[in-house]
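Note sheet for the following structure.
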Amino acid sequence: MQRRDFLKSLGITAGMLMMPELSTDAFARRGSKARPGQWRGFNLLNYFTAGHPEPFREEEFKWIHDWGFNYVRLPLSYWNWSRPGEYYEMDEKVLQDIDRAVEWGRKYDIHVSINLHRAPGYCVNPPQEPQDLFRDREALEGCAYQWGVFARRYRKHSNKYLSFNLLNEVAKIPEKDYERVVRRLVGEIRQHSPQRLILIDGLEWGRRPLLAVPDLKGLVQCGRGYEPMVVSHYAASWVFGNKPMWLAKEKLTWPLDIDGQHMDKLWLLEQQTKSWKPLLEQGGQVFIGEFGSHNQTPHKVALDWLRDNLSVFRQLGWGWAIWNLRGSFGIMDSGRSDVDYEDFHGHKLDRQMLNLLREFI
């Protein structure tokens, strides 16, 4: 089936796939390659968890720029600057390191998106927060306060170089509760930075949009690029546990046939368009905040699957950020056993994966 006929069968028009402007000039001061549909980059995990934070590195911003990418997402755990229940006390030393990352973004012409991966009262990963952002007013007000701190701190920064990604992967949360939290956090940010570009992750781990906020201008909704999970997260202990995989590694391929379902590039396109069609019909924007393949997926399978995802994102006009730069999903120090790594400033660089990503910049 031709792409035009396939999209028509889903009720997707060419106009719906175009990335719209953010409605007014207030959200348009972005400059070259600053629209979400043109963002290409990486997640930097330096403050992703607490306990052993690692300061951001200027050299990584330079490498990202030199390779031709223009975006980084900073998934942050608030435990690095606060403690549960003590939301109004924030460690200035940690905030200053985030300041440096934001400034390096400007220096190297890279858009930086600040994300609360662990926010007061919510994290998709264990351990569970002692309070519930979606039920406890204290947690919600503490989260709003911290976003207010960031909004005031960066109120003079242009949307060209900075956005806020409110929460990471809201999972099994009722839509009405998520809407209420989004409205509170957006309202707090806009009090101090009225024109700030704000990203919100979709519901169900970024699988479908929040449709109740079309009146909130300057929002972009974030999806994921991890389907099917057996390819992206093969043998990932946090998903499948430590039991042997039901699909033998030597039988893992891309395209893939499972239980009579043929999965290929067209299947990926169908999954994304079906999920996000309602938002596109509202004139909304989609950005893929995370995608990539864990290091237990055979390298060739990972590359073939990545290429098809990147092709789909290009067809849909969506930007993307791979999880991560350094680590098991990344192009450096990924720990894969079937890659001929290149030494790169003391790191193990997966040049094949890097070159593939660069084809889609």
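Read the figures in this text as sums done on the coordinates, not as results from a lab. Quantities reported herein were computed from a predicted structural model and do not represent experimental measurements. Please note: Cβ atoms are built from the backbone with ideal geometry, for glycine as well, and neighbour counts cover all protein chains shown.
Which whole-number percent gives the relative contact order of the chain, counting Cα pairs below 8 Å spaced six or more residues apart?
It rounds to 18 percent for the chain.
Could you tell me whether the chain comes out rounded, prolate or oblate from its Cα gyration tensor? Rule is a ≥ b ≥ c as square roots of the eigenvalues, rounded for a/c under 1.5, then prolate if a/b exceeds b/c, otherwise oblate.
Rounded is the answer for the chain, as its axis ratio a/c remains below 1.5.
Counting other C-beta atoms within 10 Å, which of Arg118, Arg207, Arg155, Arg224 has the fewest, and how do the rest follow?
Listed from fewest to most nearby Cβ atoms, that is Arg155, Arg207, Arg224, Arg118.
Students often check this: by mean Cβ neighbours within 10 Å, which of 227-234, 140-147 ranks highest, and how do the rest follow?
Result, highest mean first: 140-147, 227-234.
Sort Arg40, Arg106, Arg314 so the one with the fewest other Cβ atoms within 10 Å of its own Cβ comes first.
Ordered by Cβ neighbours within 10 Å, fewest first: Arg314, Arg106, Arg40.
Please build a GNM for the chain, connecting alpha carbons under 10 Å apart, and tell me which residue among Ser311, Ser77, Ser113 fluctuates the most.
Ser311
If you plug each phi of segment 85-99 into the Karplus form 6.51 cos²θ - 1.76 cosθ + 1.60 with θ = phi - 60°, what whole-Hz ³J(HN,Hα) values come out, in order, with x for Gly and Pro?
With coefficients 6.51, -1.76 and 1.60, one gets x, 10, 5, 8, 10, 10, 6, 5, 4, 5, 4, 5, 5, 5, 3 Hz.
Towards the positive end of the charge dipole of the chain, with charges on Cβ (+1 Lys, Arg; -1 Asp, Glu), say which of Asn115, Leu162, Pro84 has the farthest Cα.
About the Cα centre, the residue reaching furthest to the positive side is Leu162.
Highest first, please rank the peptides 244-251, 192-199, 315-322 by the mean number of other Cβ atoms sitting within 10 Å of their residues.
Packing order, densest peptide first, comes out as 315-322, 192-199, 244-251.
Take every DSSP beta bridge with both residues inside the chain and express the antiparallel ones as a percent of the total, to the nearest 5.
If I count the DSSP bridges inside the chain, around 25 percent turn out antiparallel.
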